[in-house]
Amino acid sequence: TSLQDADPTLRAYFIKHSLPQIYKALLAGLCVSCPEDPLHFMEEKILEILENHDLEIYWHTFIDKDKQISSLAGGFCISHLLEKAYSCYQKNLTKMCFMGWKRYILKRKAEAARLLERMEEAERYHTQRKIRLSFIKWTAWVRFHKQNQSDAVQKLQKVQKSVYCRNTITAWRHTVQDAKRLKEYFKKLERDIQESQSSEIQGDGQDRLSLLPNKLALKIFQSLGVGDLLRCAQVCRSWKAITQVSSLWTEMNFSSESCWITDETVGRLLRAHRVYVTSVNLCGCCTVFQGSSLRCISQCKNLQELNLSECPNVNDEIIKMILEGCHSLLHINLAFTYITNTTIQALSRCCLTLRSLNLAYCTNISDEGLQYLTTGKGCHRLIQLDLSGCSQITADGFSYVADACGSLQQIVLDDLPTLTDACVQALVSKCRALTVISVLDSPYLSDVAFKAIAEVISLTKFQIEGNNRIADSSWKALCRSSPKLSEVHACDCPRVTDNSLKFLGSLTKLHNLNISGCIKVTDTGIRYITDGPCAVKLQELDLSNCSRVTDLSLKKISQRCSSLIHLSVCFCDNLSDNGFEFLGKCASLIALDITGCKIHDQGLAALGSIRSLRKLTATECVFVTDNGIKIFCRQCRHLELLDVSHCVSLSDRAMKGLSFFCKTIATVRIAGCIKMTDTAVKYLTRAGHFLRELDVSGCSLLTDHTPSFLMCSCPHLRSVNMLYCRNISKQAALKLRCRVQQWKHSDDDAPC
């Protein structure tokens, strides 16, 4: 049984040579015979087996015959004991061999484990050594190539700088040569003009102006308009020579001369000075012009500013011709014209340097036209864009504008009742440079649009009017995103509350605030403004129709707004003389509008203490009397504008005090003052050397003497309104028409 787990080869060897039987017989012989020399006994028996190969071996083979019988008696017992002894011996021997073998195997395994660890350690060391050597070689390689690359870059930069310098010097040389040629050209023109002047002035020009040096004479004539220059050219030959200097015709404003100037005159002037013309203004005066004068504009190659607004004769063909000829245009005004998408296509193709474009109320353009802006190279540098009144434009059109005009900074979208949140979102999504937005009369814009503006844009000017959806949350978002907001126009927005003003008051750059018609604003909101950081820099404040504002607000304004220049409190019913007395301490105020306020002579006298006041509008102040005007004018002697229209208590005595104390008065409006007579106008003409504007509409007691007084004593008068003056005849009024730029007269009865 002990050989069952042995090696098969060993077991076969044992069986083949009968080793178990031999061991058993030897052991039995030793146990029974008990020889004195066991080894000698075993040696003899083994030799016997070797000599006799045919010997059959049993367990009693090596027992003597005489002892076999004695042993037979206890044979079975002895055999059993022998087997047990043999089995015990075999087990002990097997155990000893197995333990030796186990120790040997464990030792081999431990040696193998130690060898494996040492091999792994050796492998790691070898790997790290290889990595270190590779890294050292790679570092050296990288350092070498970086040095080579740096040397190559330096050489390339040196070459590039030399090439750039060479190109710059070459371009500069060409530019200098062109500038010299241009300068010589203009000098030659000036020299020819001066020669013509000197040849024409000979024997003429003995007046003081003609005797002045040419530079001084040009300085004087530069302040004249087109009509004045044309009239001066008819005085004498020396004046005509001066007016022909082209530098006087760089800016041609025909708008103020539209009542008399002809198409032939405009064409002649443009052709004569086309090289020098940089600005042409034909606003509202193209009704008498034909295509010939407009075509002359295309010959002005240096034209930068063009105003064709309110010109019904302007069409796509004329605009296309002008744009193809004038490649330096920076500003174009096409408001209130009948242009179509064809003009937009021409703009996108020709106007590569355009900065400002006005398309207000051009109702014939559409989204398809604005799409042309994305296809051409022009109009991509637009900074200012006006699309007021173009209600036919949808969100797609504004998306095209955003794609084409990414650098847009100012956009005007007034009078667009169809303007929606989607339109504004499409616009501001890509026009991130916007700083000025105007959305007057856009009632359907909600907080969604304003918060979209606040998320991506930082504004400096924001205008909104007639919107009842903008809430305090929108103002909060706008003020937080636009810390440099300086001008806010929020007229007729009923949802503007004191909380909105709290956010506006936190702006540090705010200097112009208009919240007229915001009926929920109270003294608390005004206190947020006056107590905030914007109070010191605030220059213009409009609180018209804020009926909840009281004298307390005027007190705060006079105390905290040290830089306030213009203030309007029209129709603020809760203001009294006490509030205006507080306002009299505002030393910086220049213009004040108190239309419709319940002010009396006491309050008006207090306003006279504002020495800096130059303009006062007190329309419909029915409680003001002649005495109040007299006291006010006695203190405020530098007044330039006084509007007391519809102050029905005033009479000639008020104008007497005005003319006596305010010698620099330039604008007087007394429309609807029914007690005024010719004497009042006579008083004004005594100090009327600076009088430029007069409105006497509705003064029914005035007669034909009024135009005569004005003709004789007001040389600088430019505007006169005599509507509803039924005692001034048409013939007398017409005498003034040729002396002034703006003239209105009617002898109808005044409306109720």
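The values are calculated or read from the model by the stated rules, or taken from the named source; none is laboratory data. For clarity, every value in this text was computed on a predicted model and none was experimentally measured. Glycine gets a Cβ as well: all are built from the backbone with ideal geometry, and neighbour counts include every protein chain shown. All accessible areas refer to the heavy atoms of the entire protein, side chains included, with ligands and DNA or RNA removed. Shrake-Rupley method; radii C 1.70, N 1.55, O 1.52, S 1.80 Å.
Laid out as a table, the results:
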quantity	calculated
Conditions (1) of a type in the set (Phe, Trp, Tyr); (2) surrounded by 17 or more Cβ atoms within 10 Å (Cβ to Cβ); (3) on the phi < 0 side of the Ramachandran plot; number of the one not met by TYR444	(2)
VAL624 being at pLDDT 90 or above, touching a helix residue (DSSP H, G or I) at 6+ places or on another chain (Cβ under 9 Å) and assigned to a loop (DSSP other than H, G, I, E, B)	yes
Complete set of residues in region 665-707 that are open to solvent by 10 Å² or more (accessible area, probe 1.4 Å), assigned to a loop (DSSP other than H, G, I, E, B) and more than 22 Å from ARG614 (Cβ to Cβ)	GLY672, ILE674, LYS675, THR677, SER697, GLY698, SER700, LEU701, THR703, ASP704
Criterion violated by ALA587 - all others in (1) open to solvent by 30 Å² or more (accessible area, probe 1.4 Å); (2) over 34 Å from the mean Cα position of the chain (by Cα); (3) at pLDDT 90 or above satisfied	(3)
Those residues of region 260-308 which are of a type in the set (Ser, Thr, Tyr) and assigned to a strand (DSSP E or B), in sequence order	SER279
Qualifying residue in region 535-548 (condition: more than 36 Å from the chain's Cα centre (by Cα) and in a loop (DSSP other than H, G, I, E, B))	no
Residue ID - most open to solvent (accessible area, probe 1.4 Å), chosen from residues in region 318-342 that are outside any helix (DSSP H, G or I) and in contact with a helix residue (DSSP H, G or I) (Cβ under 8 Å, 6 or more places away or on another chain)	HIS327
Count of residues meeting criterion [among the aromatic types (Phe, Trp, Tyr) and surrounded by fewer than 24 Cβ atoms within 10 Å (Cβ to Cβ)] in region 467-506	1
Evaluation of PHE571 against (1) assigned to a loop (DSSP other than H, G, I, E, B); (2) among the hydrophobic types (A, V, I, L, M, F, W, C); (3) at negative phi (one fails), failing number	(3)
The listed residue being modelled with pLDDT under 75 and over 60 Å from the mean Cα position of the chain (by Cα), out of PHE98, PHE76	PHE76
Qualifying residue in region 244-259 (condition: open to solvent by 20 Å² or more (accessible area, probe 1.4 Å), part of a loop (DSSP other than H, G, I, E, B) and farther than 30 Å from LEU211 by Cα)	yes
Residue count for region 614-632, restricted to those that are surrounded by 23 or more Cβ atoms within 10 Å (Cβ to Cβ) and over 17 Å from VAL696 (Cβ atoms)	5
Residue within region 202-212 that is among the hydroxyl-bearing types (Ser, Thr, Tyr) and at pLDDT 80 or above present	no
Tally, over region 576-612, of residues that are part of a loop (DSSP other than H, G, I, E, B) and over 17 Å from GLN559 (Cα atoms)	9
Residue selected from region 653-663 under the condition over 52 Å from the mean Cα position of the chain (by Cα) and surrounded by fewer than 19 Cβ atoms within 10 Å (Cβ to Cβ), by the criterion farthest from MET676 (Cα to Cα)	PHE660
Output for region 208-242, where each listed residue is of a type in the set (Val, Ile, Thr), surrounded by 16 or more Cβ atoms within 10 Å (Cβ to Cβ) and under 45 Å from the mean Cα position of the chain (by Cα)	VAL226
Count - residues of region 617-662 that are under 14 Å from ALA605 (Cα atoms) and charged (D, E, K, R)	4
Those residues of region 575-596 which are closer than 12 Å to ASP643 by Cβ and of a type in the set (D, E, K, R), in sequence order	ASP593
Test: residue in region 289-307 that is at pLDDT below 80, out of contact with any helix residue (DSSP H, G or I) (no Cβ under 7 Å at 6 or more places or on another chain) and open to solvent by 70 Å² or more (accessible area, probe 1.4 Å)	no
Hits in region 28-45 (condition: of a type in the set (A, V, I, L, M) and either more than 21 Å from TYR89 (Cα to Cα) or at pLDDT below 80 (or both))	ALA28, LEU30, VAL32
